[in-house]
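The values are calculated or read from the model by the stated rules, or taken from the named source; none is laboratory data. What you see is a predicted model; the values in this text were computed from it and never measured. Counting neighbours? That spans all protein chains shown, and the Cβs are built from the backbone with ideal geometry, glycine included.
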């Protein structure tokens, strides 16, 4: 049975004081706008740097849990011969402030992959040692479609606490013990009027999100269609969609300087599935792009019951040729012939 | 929590050159505890590391009934890892993690006539299974092995053939693609040989492994002979990087070959709405 946590209401200066208290004790990370580059997660040094702006990060919070490059072990040698030195699991507790509902929900989908039958100790350790505090979106981008993916800009799945900025006040939804450790006694409980205010604020946030995407049921019917060739023809195979996706998790295992590394990889790349023999089950962009679309909207749903997409819009926003996966999937021909 | 990506160190205790480009290496785990506890089924595979070069999947090519000798992998020189593997010597250290995959359904093969169909290095997983059957011979009915290669030089496990031929109720058909001097066995590609010898499909199961082109042309012949798709097993070759169903490249539709395979019935593959 899930524990019921309280909501707190807190003023700006008190929120800053709470964060200042964290800065002295933990590694704290939050979004920061880098001039001319965009918003990025950066180590937070000053509590007043807390970024509550409308724009969200270019890279998702995924990288703190599934690193772009991570060492698993190193091959070493001593007097008695060769041995493998395991990379230690990071022990330090970490607080990330500023994740959006979509990317936090992405973590709950990654949990299904990395915290399932074969447990990935590196990923699980990163999840455990991190307290994730979200900030609810109030000005979604035109490419956002989280509500069509079963999410919402006001939901806290995958987080420990979620902050709503309402005027100069902050309502904090405490979601877990880890969240309660930080905000459990901050500010005060909501009175009836504030509860009403919060409900109407949540409604407004959801309504601000205008884009609706209908993913058809039975996408597998379109698998054999020549449509995928047209749909993928503009793709440059650059892979930016996979790197910036909060749920893409395909990886390669490579050796460098006697170290075994796990590195991001992606279905957009031609050599992703290339066999040493020269055989390639996904030889052209058509098969590779279709793999991305189907992994997200067909295979994952069959294996885990949900789409592997949270509707954050990053792959659309940052695609150099403006491929829109939501449009492509919504328009897939289910009669196979077209 | 253990690290699922961590290799176990193993020493190369023997190397056999099978063909100009295939070597079989025999490995012993350095850790005695792993040596004792490591168990597998024919058809399962391991992730084989040549440290500082990388990791690649190989089936275990010897039978679990003979694992006290160590485990064996047969490696065809192809890419970066396999080329590095070919340069290794006896005494060198490699990494092994596994076993992974489902392996062959041994219970379903019991008390059946067995037809093994192999092409080239595709005999590797079947060799594990064939020798398992040889070591439990009373559990199976007749055994027919059809083994083809491009040329006689490309036939692997040649020293096993006399033992298989001598075994009770066992037939071995060897074939090469084109006629060669001093070649006394059959000539022709595997599907054609199957049409010629027409092995029994009665109370029989067939297990096929070879290059994709061989599989493609062999399946219709097996159906024509009278095998039903549920009784045709094959083991698929895919780039299985992690072996754990996570890295994302070996799937056919929603099926992760490294986890739910690599052994499938032809019926299951046919029923997939996705290409394979």
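Filtering A:255, A:271 for residues that are outside any helix (DSSP H, G or I), touching a strand residue (DSSP E or B) at 6+ places or on another chain (Cβ under 6 Å), within 14 Å of chain B (Cβ to nearest Cβ) and without any contact (Cβ under 8 Å) to a residue 12 or more places away in the chain leaves a single hit, A:255. The one condition from (1) crowded, with 20+ Cβ neighbours inside 10 Å; (2) at positive phi; (3) not in a strand (DSSP E or B) that residue A:36 does not meet is (1).
With respect to being at pLDDT 90 or above and either assigned to a loop (DSSP other than H, G, I, E, B) or farther than 25 Å from residue A:164 by Cβ (or both), residue A:54 falls outside the description.
Just to be sure, is residue A:222 crowded, with 17+ Cβ neighbours inside 10 Å and over 30 Å from residue A:120 (Cβ atoms)? Against the criterion (crowded, with 17+ Cβ neighbours inside 10 Å and over 30 Å from residue A:120 (Cβ atoms)), residue A:222 qualifies. Of the candidates A:135, A:96, the single residue that is touching a helix residue (DSSP H, G or I) at 6+ places or on another chain (Cβ under 8 Å), crowded, with 16+ Cβ neighbours inside 10 Å and on the phi < 0 side of the Ramachandran plot is A:96.
Across the stretch A:205-214, the number of residues qualifying as part of a helix (DSSP H, G or I) and over 17 Å from residue A:172 (Cα atoms) comes to 3.
Yes/no per residue for (1) within 14 Å of another protein chain (Cβ to nearest Cβ); (2) more than 25 Å from residue A:42 (Cβ to Cβ):
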| residue | (1), (2) |
| --- | --- |
| A:99 | no, no |
| A:102 | no, no |
| A:115 | yes, yes |
| A:119 | yes, yes |
| A:137 | no, no |
| A:140 | no, no |
| A:148 | no, yes |
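Can you say whether residue A:72 is touching a residue at least 60 places away in the same chain (Cβ under 8 Å), part of a strand (DSSP E or B) and within 14 Å of chain B (Cβ to nearest Cβ), as far as the supplied structure shows? Against the criterion (touching a residue at least 60 places away in the same chain (Cβ under 8 Å), part of a strand (DSSP E or B) and within 14 Å of chain B (Cβ to nearest Cβ)), residue A:72 qualifies.
Checking each residue in the stretch B:57-97 for being on the phi < 0 side of the Ramachandran plot and assigned to a loop (DSSP other than H, G, I, E, B) picks out B:60, B:61, B:62, B:63, B:77, B:78, B:79, B:87, B:88, B:89, B:90, B:92. Residues that are in contact with a helix residue (DSSP H, G or I) (Cβ under 9 Å, 6 or more places away or on another chain) and more than 8 Å from chain A (Cβ to nearest Cβ) within the stretch B:47-66 comprise B:48, B:50, B:57, B:58, B:59, B:60, B:61, B:62, B:63, B:64, B:65, B:66, listed in sequence order.
For every residue, the table says whether it meets (1) out of contact with any helix residue (DSSP H, G or I) (no Cβ under 8 Å at 6 or more places or on another chain); (2) surrounded by fewer than 22 Cβ atoms within 10 Å (Cβ to Cβ).
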site	(1), (2)
B:213	yes, yes
B:249	yes, no
B:260	yes, yes
B:265	no, yes
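Go through (1) more than 21 Å from the chain's Cα centre (by Cα); (2) closer than 23 Å to residue A:143 by Cβ; (3) not in a helix (DSSP H, G or I) one by one and return the number of the condition residue A:238 breaks. In the conditions (1) more than 21 Å from the chain's Cα centre (by Cα); (2) closer than 23 Å to residue A:143 by Cβ; (3) not in a helix (DSSP H, G or I), residue A:238 misses (1) alone. Can you work out which of the residues in the stretch B:1-21 that are within 13 Å of another protein chain (Cβ to nearest Cβ) and farther than 27 Å from residue A:125 by Cβ is surrounded by the most Cβ atoms within 10 Å (Cβ to Cβ)? Across the stretch B:1-21, the extreme among qualifying residues is B:10.
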